[in-house]
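See structure below.
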Amino acid sequence: MTKERSNAGRITRADQAWGPAHRENDERNSVEPGTTLTTVEASRSPTPAEVIPATQSLTVPLKFITSALLTAAKDDIRYYLNGVFLQSVGGEIRIVGTDGHRLIASRFVPPKEERIPAWAEAGIILPRNDLAQALPILARNGIMSQCDHSEPSVVIEYAPSFEAPAVTLRSVNGFASFKLIPVDGKFPDYARVLDQSGAVLAGGEGEVMESAAIDT
């Protein structure tokens with residue numbers, strides 16, 4: 001008589017490994033009689049577009065930032081003066097630097113094909129110390145190529161965030177980029193100072209002077 005071999009009734013190593021895990025899973029998923037089951041929808045993971053805010057850029061001639069940096073305050077207790085202010089007003093970009101005694105303000109109109117980002121309307125303050133380190137490198141890489149005769153510029157990218165807004169200064173040719181943290185503060189009302197000074201320079205009325213006579 002031929003003795004047939006059969007695996008029926010035998011316990012293999014796979015069964016030994018699967019058995020405890022299977023029983024544990026059944027115990028976790030077991031429901032007592034009379035228990036009401038509630039379906040819970042898994043939370044949706046945020047997409048990359050929701051986690052990383054959109055970046056809006058603006059191209060600015062370097063000469064305006066460099067000139068404003070000359071009068072920007074350095075280590076002033078009024079921390080909002082320790083930087084260069086950039087703001088969009090009426091379709092033009094204004095770049096201002098002041099130490100409370102001197103003030104330099106420049107303005108330019110971006111090309112029509114370049115859209116002015118929304119963050120420029122509120123304005124941002126670029127920290128002075130970071131600009132002083134970044135500008136020399138950005139100036140050397142401020143044009144696309146040797147055949148490009150346009151003036152050196154820098155691309156300013158701003159990514160708003162509730163935790164820490166990020167500003168990136170990037171050379172036009174993409175050689176270098178610097179990440180900055182904008183100064184959190186309100187810049188002085190430079191427009192009012194300009195209006196007062198402009199009226200005097202344009203021959204406006206000044207304070208009344210007392211008459212004086214000289215006895216020769």
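Based on this model, can you work out whether ASP189 counts as modelled with pLDDT of 85 or more, open to solvent by 80 Å² or more (accessible area, probe 1.4 Å) and over 12 Å from the mean Cα position of the chain (by Cα)?
In short, yes.
Run GLY97 past the list (1) in contact with a Ser or Thr (Cβ under 7 Å, 6 or more places away or on another chain); (2) on the phi > 0 side of the Ramachandran plot and report the number of the one that doesn't hold.
Failed condition: (2).
Go through the stretch 60-87 residue by residue and tally those that are aliphatic (A, V, I, L, M), out of contact with any Leu (no Cβ under 6 Å at 6 or more places or on another chain), more than 22 Å from VAL155 (Cα to Cα) and surrounded by fewer than 22 Cβ atoms within 10 Å (Cβ to Cβ).
1
List the pairs whose first member sits in the stretch 116-138 and is of a type in the set (Gly, Ala, Ser) and open to solvent by 10 Å² or more (accessible area, probe 1.4 Å), whose second member is modelled with pLDDT of 90 or more and not in a strand (DSSP E or B), and whose Cβ atoms are under 7 Å apart, counting only residues at least 6 apart or on separate chains?
GLY123/PHE187; ALA132/LEU69
Go through (1) open to solvent by less than 40 Å² (accessible area, probe 1.4 Å); (2) at pLDDT below 90; (3) assigned to a helix (DSSP H, G or I) one by one and return the number of the condition ALA49 breaks.
(1)
If I filter the stretch 100-111 down to residues being part of a loop (DSSP other than H, G, I, E, B), within 13 Å of THR59 (Cβ to Cβ) and not aliphatic (A, V, I, L, M), which single residue comes out as most open to solvent (accessible area, probe 1.4 Å)?
PRO111
Given the condition outside any strand (DSSP E or B), exposed (fewer than 12 other Cβ atoms within 10 Å of the Cβ) and either at pLDDT below 50 or acidic (Asp, Glu) (or both), answer yes or no: does some residue in the stretch 88-99 qualify?
No: the stretch 88-99 contains no residue that is outside any strand (DSSP E or B), exposed (fewer than 12 other Cβ atoms within 10 Å of the Cβ) and either at pLDDT below 50 or acidic (Asp, Glu) (or both).
For the structure I just gave you, tell me whether PRO136 is in a helix (DSSP H, G or I) and more than 17 Å from the chain's Cα centre (by Cα).
Considered against the rule, which asks whether it is in a helix (DSSP H, G or I) and more than 17 Å from the chain's Cα centre (by Cα), PRO136 comes out as yes.
Which residues, taken from the stretch 157-186, are hydroxyl-bearing (Ser, Thr, Tyr) and surrounded by fewer than 19 Cβ atoms within 10 Å (Cβ to Cβ)?
Looking only at the stretch 157-186, we keep the residues that are hydroxyl-bearing (Ser, Thr, Tyr), and these are 158, 161, 168, 171, 177.
SER161, THR168, SER177 - these are the residues of the stretch 157-186 that are hydroxyl-bearing (Ser, Thr, Tyr) and surrounded by fewer than 19 Cβ atoms within 10 Å (Cβ to Cβ).
The values are calculated or read from the model by the stated rules, or taken from the named source; none is laboratory data. Note that the coordinates shown come from a computational prediction; the quantities given were computed from them, not determined experimentally. Neighbour counts are summed over all protein chains in view; Cβ atoms, including those assigned to glycine, are modelled from backbone coordinates with ideal geometry. Note: accessible area is taken over every heavy atom of the protein model, side chains too, but ligands, DNA and RNA are not part of it. Shrake-Rupley method; radii C 1.70, N 1.55, O 1.52, S 1.80 Å.
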